[in-house]
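Asks: This is the structure I have questions about; it appears just below.
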Amino acid sequence: MRIVDKDGLGEFDVPSKPVSFQHKELAESGWVKLTFFEQMANTGSEVIRAIKWRDRGRADYSSAASDRALELLWLTIDDPRNRHRLRELCRLYESLADYLCGDNIYSADPEKLKNYFLAFNYAARLGR
């Protein structure tokens, strides 16, 4: 699905729904019970795990963590409460998919990705 940004800054694609979910219970109803910060912190833990396994040369574990991270990010995009964040979330999805599964044409830096997601961990902890 293609969405035109209401601020006139361009268009972006909403990723298509995965065929099947690894996190079935979260996909069914649990994910929408989490706050945005908790959703992003959980997604970030999978991203950081994927980076860690890639650095250790374990492509199999890295691939599995990458799939989980993209799935959780898709669930965050699909959450109706996050409609006003679609531009950032869809661009993040595209960048993460490129870094984790593609050729990294956007030149994503793993340390910057870690720092981006660690901020959500901190915010989620403050909210408790």
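We did not get these values from a lab; they are worked out from the coordinates using the rules stated. Note that the structure is a prediction, hence the values are computed from the model and not measured. So basically every Cβ, Gly included, is an ideal-geometry build from the backbone, and we count neighbours across all protein chains shown.
Asks: Take the conditions hydrophobic (A, V, I, L, M, F, W, C) and surrounded by fewer than 17 Cβ atoms within 10 Å (Cβ to Cβ) and apply them to Ala41. Does it pass? Explain how you work it out, then say what you get.
Replies: Values: hydrophobic (A, V, I, L, M, F, W, C): yes; surrounded by fewer than 17 Cβ atoms within 10 Å (Cβ to Cβ): no.
No, not satisfied.
Asks: Output the residues belonging to the range 67-112 that are closer than 22 Å to Asp55 by Cβ, among the charged types (D, E, K, R) and in a loop (DSSP other than H, G, I, E, B).
Replies: Passing the criteria: Asp103, Asp109.
Asks: In addition: Determine which member of the set Arg68, Arg81 is surrounded by fewer than 16 Cβ atoms within 10 Å (Cβ to Cβ) and in contact (Cβ under 8 Å) with a residue 40 or more places away in the chain. Even if it seems obvious, please write down each step before you answer.
Replies: Working: Arg68 fails: surrounded by fewer than 16 Cβ atoms within 10 Å (Cβ to Cβ).
Going through Arg68, Arg81 in turn, just one is surrounded by fewer than 16 Cβ atoms within 10 Å (Cβ to Cβ) and in contact (Cβ under 8 Å) with a residue 40 or more places away in the chain: Arg81.
Asks: Something else: Do you know which residues across the range 92-128 are loosely packed, with under 14 Cβ neighbours inside 10 Å and of a type in the set (Lys, Arg)?
Replies: Lys112, Arg125, Arg128
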